[in-house]
Amino acid sequence: MRGDADASPGGPGTDGRRRDAPDADRGFDPRARLAEREREGLRRDLTPVETVGARSRIAADPGGDPPTFDGDEQLVFAANDYLGLAGDDRVQQAAADAAREVGTGSGASRLVTGDTPTHRALERDLAAVKGTERALAFSSGYATNVGVISALDPDVVFSDELNHASIIDGCRQTGAESVVYDHCDAADLRAKMRERAEHGPARNRDESWLVLTDSVFSMDGDVAPLPAICDAVEEFGAWLMVDEAHATGLYADGGGIVQRDGLEDRVHVQMGTLSKALGSQGGYVAGSEELIEHLLNAARSFVFSTGLAPPAAGAAREALRIAREDDAHRERLWENVARLRDGLEAAGYQVWGESQILPVVVGDRDDAMVLAERLRDHDVVAPGIRPPTVPEGTSRIRVAPMATHTETGIDRCLAAFREAGRELGLV
């Protein structure tokens, strides 16, 4: 009888298809998509780590089973936990305190019942650091960019060609006309804005223009020329939004490049994350009272998301306090950055950037991926980055030191690069 039932109209037949299935197949084939990634050399796997920190044991992708950590401990030069605060006892205690006092989750959207004193305290501190009237915390940096850009709903966006994917996706959601300017080139931005002003639609005087840029670029490690960008923005009466994801917490008083350059009054929207130097999870936006009130009503990724988990908010607030009051972490980070850069260049590598992110440019994608594997053989974890993440011919190893790396660890990393580079004929 089971066989008869299975063969009835609407039930699956021997070929696995439903008897009433249409002739066309409009479903999805994840296996084929994975195979295509495999052919293009773009398939990736999870690699669980034992702990989040400067060193850890690494396990193979465990699928649904618990990971098994065996083998030697490896040095991790791939994390964005730049100040090493994710493992700081004070930050962990702050997370535990928030979980005990408020709860492990917000329980609802911030606009329903998910708004707590822990969130408000974090936002007050963020606003103080960023020199703005208010700040608003989101569940992730990605949600922040997508929500803020779509809520601003500009007519035209002018975007650096190497901006983060979350900025690009936010632009796509607005339906705005997108104008891409050359990377970190304020002169090209000004030229494109002038072209739009002089030859755009007759209504362009009434258009809203939004200029978007990272401050520190995550793959090239370079820094946007924010003062010159501000000059161009002000010349045409546009607004400027700066993504400080890879800068927040790394400069005086816990600020980013906007604070380093004294541009708080010239940047209309400051965005950042809590998940990098602040060692937690989430994102934030900082700006005027009116801006934040608009966003908490109109940013769909805020309105329709459960509020940031209180332990994450508590941890981020404590990490921000440490970044503001304790210069030692920043000083150690920049010392490690200089030591690594000097050593890599002395070994014969080309190192780009001017920040804590050190892209070791190899060029060929296969060479970069093999170098990453050889570094792993030497117990150093640093990822190979290849197209389409970066342009063709610029494949690289992205090296990200942390304040918690020791001199011995830095020297081990440099030795691994020297030995692996010689083995592959790259240096």
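The values are calculated or read from the model by the stated rules, or taken from the named source; none is laboratory data. What you are looking at is a predicted structure, and each value in this text was computed from that prediction instead of being measured. Here Cβ is always computed from backbone atoms with ideal geometry, including for glycine, and neighbour counts include all displayed protein chains.
Here the condition is being surrounded by 20 or more Cβ atoms within 10 Å (Cβ to Cβ), on the phi > 0 side of the Ramachandran plot and in contact (Cβ under 8 Å) with a residue 40 or more places away in the chain; of GLY255, GLY283, GLY249, it holds for GLY249 alone. A single member of LEU83, LEU75 is modelled with pLDDT of 85 or more, in contact with a His (Cβ under 6 Å, 6 or more places away or on another chain) and either surrounded by 12 or more Cβ atoms within 10 Å (Cβ to Cβ) or outside the structural domain of ASP411 (by TED's automatic domain parsing) (or both), and it is LEU83. Of all the numbered requirements in (1) surrounded by 18 or more Cβ atoms within 10 Å (Cβ to Cβ); (2) at pLDDT 95 or above, ASP188 misses one, and that requirement is (1). Count of the stretch 274-307 residues, restricted to those that are assigned to a loop (DSSP other than H, G, I, E, B) and within 17 Å of the chain's Cα centre (by Cα), is 9. Tell me, yes or no, whether the stretch 45-62 has at least one residue that is under 30 Å from PHE304 (Cβ atoms) and either at pLDDT below 70 or β-branched (Val, Ile, Thr) (or both). Yes, the stretch 45-62 contains a residue that is under 30 Å from PHE304 (Cβ atoms) and either at pLDDT below 70 or β-branched (Val, Ile, Thr) (or both). Can you find even one residue in the stretch 188-206 that is closer than 24 Å to THR389 by Cα and without any contact (Cβ under 8 Å) to a residue 12 or more places away in the chain? Checked the stretch 188-206: at least one residue is closer than 24 Å to THR389 by Cα and without any contact (Cβ under 8 Å) to a residue 12 or more places away in the chain. Hey, can you tell me all the residues within the stretch 368-389 that are over 22 Å from the mean Cα position of the chain (by Cα) and free of Cβ contacts under 8 Å to residues at least 60 places away in the same chain? Result: VAL370, LEU371, GLU373, ARG374, LEU375, ASP377, HIS378. Among the residues here, ARG196 qualifies as over 23 Å from the mean Cα position of the chain (by Cα), surrounded by 17 or more Cβ atoms within 10 Å (Cβ to Cβ) and modelled with pLDDT under 95. Tell me, yes or no, whether the stretch 268-279 has at least one residue that is without any contact (Cβ under 8 Å) to a residue 60 or more places away in the chain and either of a type outside the set (Asp, Glu) or surrounded by 19 or more Cβ atoms within 10 Å (Cβ to Cβ) (or both). For the stretch 268-279, residues without any contact (Cβ under 8 Å) to a residue 60 or more places away in the chain and either of a type outside the set (Asp, Glu) or surrounded by 19 or more Cβ atoms within 10 Å (Cβ to Cβ) (or both): present. On the stretch given as the stretch 201-223, residues that are closer than 22 Å to VAL146 by Cβ and either under 15 Å from the mean Cα position of the chain (by Cα) or buried (at least 24 other Cβ atoms within 10 Å of the Cβ) (or both) total 10.
Being over 30 Å from THR174 (Cβ atoms) and among the acidic types (Asp, Glu) is the filter; apply it to the stretch 289-346 and report the residue that is surrounded by the fewest Cβ atoms within 10 Å (Cβ to Cβ). The extreme case among them is GLU325.
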